[in-house]
Amino acid sequence: MSKNILILPGDGIGPEIVNEAVKVLACLRDDFALDIEMDEALVGGAAYDAAGHPLPEATLQLAREADAILLGAVGGPKWEPLEIAVRPEKGLLGLRSELKLFANLRPAILYPQLAAASTLKAEVVAGLDIMIVRELTGGIYFGQPRGVRKLESGEREGFNTLVYRESEVERIVRVAMDIAMKRNRRVCSVDKANVLECTELWREVATRTGADYPEVALSHMYVDNAAMQLVRAPKQFDVMVTTNMFGDILSDCAAMLTGSIGMLPSASLDEAGKGMYEPIHGSAPDIAGRGLANPLATILSVAMLLRYSLDEAEMAGRIESAVDKVLNSGMRTADIHSAGMQKVGTEQMGDAVVMALREA
Ligand code: IPM
Ligand code: MG
């Protein structure tokens with residue numbers, strides 16, 4: 001039976017980059033007999049404008065039914081004045097929590113062709129291959145109570161709650177451990193156990209869970225130090241596992257090590273391996289609609305989708321080789337451009353990947 005992929009372009013550069021990723025999927029379907037169907041729906045600001053809510057019931061329903069979801073990006077200045085409950089970001093957060101996509105995998109891999117595009121010295125980042133495993137449905141992003149309240153003095157006070165149950169820590173640490181078993185068998189759990197009780201418990205549960213994996217070397221690091229180590233000596237890391245918010249921050253940081261945030265895909269998985277796939281960069285409103293955005297993170301997200309949710313590792317490999325080939329040819333979008341390379345736009349980059357697929 002054919003697999004159903006739900007396409008959620010979203011806002012900003014979302015529609016442009018997703019368009020290129022859809023071309024890649026269509027090529028695999030038409031030329032390589034990948035048995036898929038694609039549906040499209042609204043999410044984020046686009047959904048708010050059309051339906052009054054960033055995650056309309058119809059979209060959520062399609063997302064529940066799909067075998068996998070490909071998302072572009074959400075958000076933009078246009079919707080910033082809205083109250084938090086209906087901002088585009090709520091569409092994304094709603095999908096993550098409604099579909100119980102608790103495990104967010106964010107690989108940071110440096111393509112050797114892009115060593116010169118990193119702001120760090122080539123020798124610091126050459127060969128970089130880190131997997132950040134971010135908890136995605138708990139922590140301060142979702143903790144209650146939250147809000148802004150008025151004090152007796154009349155002054156307002158904003159508050160959020162960082163909360164993790166033992167079971168939530170255990171299951172994300174297990175994901176990290178299982179991934180590490182297929183890599184270099186090192187996991188660094190990142191917390192702020194010296195200040196926050198919640199992450200002191202995190203460390204305790206991580207240690208306990210890690211004991212079930214005697215072949216994996218588990219270490220712990222405070223988040224401030226982890227941020228520093230990521231830019232000082234990133235190759236010391238294999239797998240990092242951390243909370244929702246620390247993972248948000250550290251993954252942007254790790255992304256820049258690879259030259260551009262425009263290169264990094266991600267997978268958000270539930271207990272059964274169903275997933276939503278998206279580039280880790282945002283909607284980049286400053287360049288939206290100009291055909292400048294790098295579609296490679298979204299195209300590489302398709303590769304992750306095929307590998308993790310559709311069990312099509314060979315198809316995934318085809319995409320990754322095609323991207324490699326296109327980079328070898330010297331084509332670069334503006335974000336990864338360096339001297340002597342050919343500057344191309346979003347569409348040209350997508351077309352080049354499709355061409356490389358066909359030629360393989
Ligand atoms: C990410 C993004 C999201 C997050 C935003 C858009 C809600 O920054 O996926 O990293 O904070 O999780
Ligand atoms: Mg982020």
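All of the numbers you see were taken from the coordinates with simple rules; none came from a lab. Since the structure is predicted, the reported quantities are computational estimates derived from the model, not experimental observations. Because the Cβ atoms are built from the backbone with ideal geometry, glycine has one as well, and the counts that use them run over all protein chains shown.
Measuring how big the chain is from its alpha-carbon positions, Rg and Dmax come out at 20.2, 70 Å.
How large is the helix-only mean residue ellipticity at 222 nm for the chain, computed as the sum of -39500 (n - 2.57) over DSSP H runs with n ≥ 4, divided by its residue count, in deg cm²/dmol to the nearest 500?
Numbers: 12 runs with 147 residues, N = 360.
That calculation yields -12500 deg cm²/dmol at 222 nm.
In this structure the amide hydrogen of VAL74, modeled in the peptide plane, comes within under 5 Å of the amide hydrogens of ASP11, SER283, none closer than 5 places in sequence on its chain. Taking max minus min of the alpha-carbon positions on each principal axis, the stretch 244-287 gives extents of 35, 22, 18 Å, largest first. Only residues of the stretch 325-360 count here: report those whose backbone N is under 16 Å from the spot 7 Å along Cα→Cβ of ALA26, or say none. So the set is 347-358.
Between ASN328 and ASN160, the distance separating the two model label sites (each 7 Å from Cα on the Cα→Cβ line) works out to 4.4 nm. Here's the list of aspartates and glutamates a cross-link from LYS343 could span, going by alpha-carbon distance under 16 Å and ignoring same-chain residues fewer than 8 apart: ASP335, ASP351.
Scalar couplings 3J(HN,Hα) for the stretch 100-112, obtained by applying the Karplus form with A = 6.51, B = -1.76, C = 1.60 to θ = phi - 60°, are 6, 8, 7, 10, 9, 9, 10, x, 10, 10, 8, 6, x Hz; x denotes Gly and Pro. The alpha-carbon of LYS150 sits under 18 angstrom from the alpha-carbons of these aspartates and glutamates, leaving out residues fewer than 8 places away in its chain: GLU83. Annotation: the antiparallel percentage among DSSP beta bridges lying fully within the chain is about 40. Reachable lysines from LYS274, Cα under 28 Å, same-chain residues fewer than 8 places away excluded? Within reach: LYS3, LYS23, LYS90, LYS100, LYS182. Counting every C-alpha pair in the stretch 129-257, the share spaced more than 17 angstrom apart comes to 58%. FRET efficiency for the ASN194 to GLU215 pair, using the beta carbon distance and R₀ = 30 Å, is estimated at 0.55.
Could you order the peptides 249-258, 137-146 from most to least packed, using the average number of other C-beta atoms within 10 Å per residue? Don't skip to the end; give the middle numbers.
Values: 249-258: 21.1, 137-146: 16.3.
Packing order, densest peptide first, comes out as 249-258, 137-146.
For the stretch 129-257, a simple Cβ point-charge model (Lys and Arg +1, Asp and Glu -1, everything else neutral) yields a dipole of about 260 debye relative to the Cα centre.
So if R0 is 22 Å, what FRET efficiency would ASP286 and ASP252 give, r being the distance between their Cβ atoms, rounded to the nearest 0.05?
Working: r = 16 Å, r/R0 = 0.74.
So, using R0 = 22 Å, E works out to roughly 0.85.
Extension gain LYS150-ASP35, at 0.36 nm per residue separation less the Cα-Cα distance, in nm?
Values: separation 115, 0.36 × 115 = 41.40 nm, distance 5.58 nm.
Answer, rounded to one decimal: 35.8 nm.
Out of all DSSP beta bridges in the stretch 129-257, what portion is antiparallel? Express it as a percent rounded to 5.
Details: 4 of 18 bridges.
Beta bridges within the stretch 129-257, antiparallel portion: roughly 20 percent.
Here the stretch 31-46 is scanned for amide nitrogen atoms under 13 Å from the site 7 Å beyond the Cα of ALA85 along Cα-to-Cβ, giving none.
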